[in-house]
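The values are calculated or read from the model by the stated rules, or taken from the named source; none is laboratory data. Fair warning: this is a prediction, and the values are worked out from it, not measured in the lab. As a convention, Cβ positions derive from the backbone with ideal geometry for all residues, glycine included, and neighbour counts pool all protein chains shown. Note: areas computed on protein heavy atoms with side chains; ligands, DNA, RNA excluded. Shrake-Rupley method; radii C 1.70, N 1.55, O 1.52, S 1.80 Å.
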Amino acid sequence: MSDRALAICYGTRPQVIKASMLIEAAAARWPLVTVDTGQHYDYELNAVFYEQLGVPRPHHFLEVGSGRHAAQTAAVLTRAAEVFEGAKPWAVVVIGDTNSTLGCALAATQMRIPVVHVEAGLRSNDRAMAEEINRRVVDAIADLLCAPSRAAADELRREHQPGMIALTGDVAHDVLLRNLSRARAPRDNEAWPLDAGEKFAIATLHRAELTGNADALAAIVGVLRALPLPVVLPAHPRVRDALAARGLASGGKLHFIAPLGYFEMIGAIRDASIVITDSGGVQREAYWMGTPCITVRTETEWRETVALGANTLVAPVSAGKELQGVVEKRLGSVEEWDRSAYGAGDAAARITDAIASLERALG
Ligand code: UD1
Ligand code: UDP
C-alpha cells in the first residue's frame, strides 16, 4: 500500500455507478480522497446508487448543482482545486466526459497533479456536443489514458495524445457483471406500470441535443405512443422538464415513470424486448445483456455495438419517419452478437494496474 493519496472524482449518475468498482479496486492500493461534485443531487440520480452499490460516503461533496456549462464547470474547477490543495493527492482520477470530468481534470492539471482519464479515446466527432469537447480536452491533458476499447486506444495513438495509453476495457461492464444477480425483475417493482409478464420496450432520453429540439421530441413521443408494444420510459429530469414544457405526457402505449435505481434498470434492460435510448451506458448494458437496442442519435461513441449488430442508429430528426419501422424490424428478428468488445469485466483491476505503472514511472 502506497502512503500517497489518490483522488477519485465523479458527480453524475453513471459516474457514481462506475466509481463503485474503481473505489473498491483502488482502495486496496492507495489511501483515497473521494470527491462527488454534486452535479447530480436528486436522490434518484445520486444517493440511490450509493445505497445499492455500497459506495462509501465521499470525503468531499462539492455541491455544485445545476447550471449553464460555464458556471457549472467553473464551480467544479474552483471547488475541486480547494480540495486538492488541502488533500494533496499524487494523482486525480476522472471518469467520462461530463462538466465534472473537465472541471476536476483542469483543477488537477493547473496544480501539476497527474490526471488519469477513465473512458479515454471515445469520439462522436460532433463538436456541438459539450461532452465531445470535454473528452477531447481531458484526453489532451491527461497523463494516463484508460481506453475502454481497442478502437479508443488506436484513436488516442492516431491523435498523438501525450499521456500513457492503457487498454483497460470498460468499468461499466465490471459493475454489471458484479450486480447482475441482484437485478430486479420489473414485476417486483411497485412503480412498474405494466402487468407482470407483459412484453415491453424500455426507453431513456436525456441528451441536450434531443430535449432541446421540440419537434424531434414531439415526433419521438408520437412514435413511442403508437408502437406495437408498451414502452416504459424512466424520465431523467432533463427530459421530464422538456416534456412538461411542451405539454407532452404518458398516453397510448407510452408510460413515463420516475428514474429507476440501478438494480431495477438493469433488470428492465435484461427483460425488455427492445431498448430505445440516447444513453451511452444503456447502449452498452443492452449490448452485454443481449437485448436489441436502437439509439436515437446520429452517431455513437460506442461504435462496436453498431458494427456487431446489437445497436441501430436512428437520427432524432428522422425518428418520426423511421423509428417505428426500425423497431418492428429489430423485434421481428432473432439476434446474437459477440459481447467482448469492451473487455472481460476486469477493467477496474486493469485501471489500477495502469495507475500503479504511472506512479512507478513518475518515481
Ligand atoms: C450530464 C452530462 C451527460 C451525462 C448525464 C448522465 C454534462 C455536460 N452532461 O447530463 O454527459 O450523460 O449527465 O446522466 O456534463 N437535474 C435535476 N436533478 C439532478 C440533476 C439535474 O433536476 O439531480 C436537472 C436540472 O434541471 C439540470 C438538468 O437536469 O439543469 C441537466 O443536468 P446536468 O447535470 O446539467 O446535465 P445532464 O443532462 O444530466
Ligand atoms: N440508469 C439507472 N436508472 C435509470 C436510467 C439509467 O440506473 O432510470 C443507469 C443505467 O443503467 C446506466 C447509467 O444509469 O448504468 C446510464 O446513465 P445515463 O443514461 O444517465 O448517462 P450516460 O451513460 O448517457 O452518460
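Assorted remarks:
- Those residues of the stretch 26-53 which are in a loop (DSSP other than H, G, I, E, B), among the small types (Gly, Ala, Ser) and open to solvent by less than 60 Å² (accessible area, probe 1.4 Å), in sequence order: Gly38
- Members of the stretch 143-163 found to be open to solvent by 50 Å² or more (accessible area, probe 1.4 Å) and either in a strand (DSSP E or B) or over 17 Å from Asn125 (Cα atoms) (or both), listed by number: Asp143, Arg150, Pro162
- Residue in the stretch 226-245 that is away from ligand 2 (no atom under 16 Å from the Cβ), surrounded by 20 or more Cβ atoms within 10 Å (Cβ to Cβ) and not basic (Lys, Arg) present: yes
- Counting the residues of the stretch 169-187 that are in a loop (DSSP other than H, G, I, E, B) and either in contact with a Leu (Cβ under 6 Å, 6 or more places away or on another chain) or open to solvent by less than 40 Å² (accessible area, probe 1.4 Å) (or both) gives 4.
- The residues on offer are Ile17, Ile95, and the sole one that is out of contact with any strand residue (DSSP E or B) (no Cβ under 6 Å at 6 or more places or on another chain) and not hydroxyl-bearing (Ser, Thr, Tyr) is Ile17.
- Test result for Ala7, surrounded by fewer than 22 Cβ atoms within 10 Å (Cβ to Cβ), small (Gly, Ala, Ser), more than 16 Å from ligand 1 (Cβ to nearest atom) and under 18 Å from Ile95 (Cα atoms): no
- Members of the stretch 54-90 found to be part of a loop (DSSP other than H, G, I, E, B), more than 19 Å from the chain's Cα centre (by Cα) and more than 14 Å from ligand 1 (Cβ to nearest atom), listed by number: Pro56, Arg57, Pro58, His59, Lys88, Pro89, Trp90
- Any chance Ala120 is among the small types (Gly, Ala, Ser) and closer than 23 Å to Thr34 by Cα: yes
- Pairs where the first residue, in the stretch 261-274, is within 12 Å of Ile17 (Cα to Cα) and open to solvent by 20 Å² or more (accessible area, probe 1.4 Å) and the second is of a type in the set (S, T, N, Q) and not in a helix (DSSP H, G or I), C-beta under 6 Å, 6+ apart: none
- Qualifying residue in the stretch 91-100 (condition: touching a residue at least 12 places away in the same chain (Cβ under 8 Å), under 21 Å from Glu359 (Cα atoms) and within 13 Å of ligand 1 (Cβ to nearest atom)): yes
- Residue in the stretch 286-308 that is within 16 Å of ligand 2 (Cβ to nearest atom), open to solvent by 10 Å² or more (accessible area, probe 1.4 Å) and at positive phi present: yes
- Filtered residue count, the stretch 101-122, keeping only those that are out of contact with any His (no Cβ under 9 Å at 6 or more places or on another chain), within 15 Å of ligand 1 (Cβ to nearest atom) and β-branched (Val, Ile, Thr): 1
- Checking Val93 against (1) open to solvent by 10 Å² or more (accessible area, probe 1.4 Å); (2) outside any loop (DSSP other than H, G, I, E, B); (3) among the aliphatic types (A, V, I, L, M), the condition it does not meet: (1)
- Filtering Ala107, Ala166 for residues that are open to solvent by 10 Å² or more (accessible area, probe 1.4 Å), over 19 Å from the mean Cα position of the chain (by Cα) and modelled with pLDDT of 95 or more leaves a single hit, Ala166.
- Number of positions in the stretch 341-361 that are at negative phi and open to solvent by less than 70 Å² (accessible area, probe 1.4 Å): 14
- Evaluation of Ala130 against (1) over 25 Å from Ala344 (Cβ atoms); (2) buried (at least 21 other Cβ atoms within 10 Å of the Cβ); (3) in contact with a His (Cβ under 6 Å, 6 or more places away or on another chain) (one fails), failing number: (2)
- Meets criteria (more than 14 Å from ligand 2 (Cβ to nearest atom), in contact with a helix residue (DSSP H, G or I) (Cβ under 7 Å, 6 or more places away or on another chain), at pLDDT 95 or above and of a type in the set (S, T, N, Q)) for Thr37: yes
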